Amino acid sequence: MAVFIGRHINRIDKKGRISVPKPFRSVIKDQSFKGIYVYPSLKTAALEACDEDFINRVATSIDDLDLFSDEQDDLAAIVLEIAQALPFDTEGRVILPKDFLDYAGITADAAFVGRGTRFQIWEPGTYETHRAHAVDRARSRGATLKLRPKGDDD
């Protein structure tokens, strides 16, 4: 399974287009929708982005919640209703909606940050501050990771 990894900073051009990093596009290349799904993060001033498989997993997970529950209604409203399907142009660029750019404080450059099965899009300075805090929190907790046994994909 290919995953989104690494950090890439790209510039928004005069027409409002931004290139999705080639390593990220290569993860998406085999899906039927040639583009990305983007929605504002619930936790940070960033955008969440993913491929078709991941957004379908999100939708299915929301459907698994109790029908008509506040939790199901809230998550559908703040993820699925707001999410945008952004198709790639012939050069692998997308146009991020203005309200999304405003939400994340993105003006000229954007940092694409891999998160495994999804990625985030940040204003670069905001991302660096967030990353520094994450490193400090992980160090202060003595964060560790128990690896899944080889072959446990899910």
Exercise. Which residue pairs have Cβ atoms under 7 Å apart, sit 6 or more places apart or on different chains, and have a first residue in the range 119-135 that is closer than 13 Å to Ser41 by Cα and a second that is among the aromatic types (Phe, Trp, Tyr)?
Worked result: Phe119/Phe4; Phe119/Phe24; Phe119/Phe112; Ile121/Phe112
Exercise. What single numbered condition from (1) in contact with a strand residue (DSSP E or B) (Cβ under 9 Å, 6 or more places away or on another chain); (2) surrounded by 13 or more Cβ atoms within 10 Å (Cβ to Cβ) fails to hold for Asp99?
Worked result: (2)
Seminar exercise, completed: Within the range 78-88, residues being out of contact with any Gly (no Cβ under 9 Å at 6 or more places or on another chain), in contact (Cβ under 8 Å) with a residue 24 or more places away in the chain and not in a helix (DSSP H, G or I) number 3
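Given Ala49, Ala76, Ala85, Ala59, which one is touching a helix residue (DSSP H, G or I) at 6+ places or on another chain (Cβ under 7 Å), of a type in the set (A, V, I, L, M) and within 20 Å of Ile28 (Cα to Cα)? Spell out the reasoning first.
Numbers: Ala49 fails: touching a helix residue (DSSP H, G or I) at 6+ places or on another chain (Cβ under 7 Å); Ala76 fails: within 20 Å of Ile28 (Cα to Cα); Ala85 fails: touching a helix residue (DSSP H, G or I) at 6+ places or on another chain (Cβ under 7 Å).
Ala59 is the lone residue from the list that is touching a helix residue (DSSP H, G or I) at 6+ places or on another chain (Cβ under 7 Å), of a type in the set (A, V, I, L, M) and within 20 Å of Ile28 (Cα to Cα).
Just to be sure, is Asp102 among the acidic types (Asp, Glu), assigned to a loop (DSSP other than H, G, I, E, B) and at pLDDT 95 or above? Even if it seems obvious, please write down each step before you answer.
Details: among the acidic types (Asp, Glu): yes; assigned to a loop (DSSP other than H, G, I, E, B): no; at pLDDT 95 or above: yes.
No, not satisfied.
Looking at the range 3-16, is at least one residue of a type outside the set (Val, Ile, Thr), within 24 Å of Leu80 (Cβ to Cβ) and surrounded by fewer than 16 Cβ atoms within 10 Å (Cβ to Cβ)? Please lay out each step first, then the result.
Going residue by residue through the range 3-16, those that are of a type outside the set (Val, Ile, Thr) are 4, 6-8, 10-11, 13-16.
Filter again for within 24 Å of Leu80 (Cβ to Cβ), leaving 4.
Checking the rest, the ones that are also surrounded by fewer than 16 Cβ atoms within 10 Å (Cβ to Cβ) come to none.
No, the conditions are met nowhere in the range 3-16.
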Exercise. Taking the range 105-133 on its own, how many of its residues are surrounded by fewer than 17 Cβ atoms within 10 Å (Cβ to Cβ) and not in a helix (DSSP H, G or I)?
Worked result: 7
Exercise. From the set of residues in the range 22-77 that are assigned to a loop (DSSP other than H, G, I, E, B) and under 13 Å from the mean Cα position of the chain (by Cα), which is surrounded by the fewest Cβ atoms within 10 Å (Cβ to Cβ)?
Worked result: Lys43
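The values are calculated or read from the model by the stated rules, or taken from the named source; none is laboratory data. Everything numeric here is computed off the predicted structure, so don't read it as measured data. Positions of Cβ are backbone-derived with ideal geometry, glycine not excepted, and every protein chain shown enters the neighbour counts.
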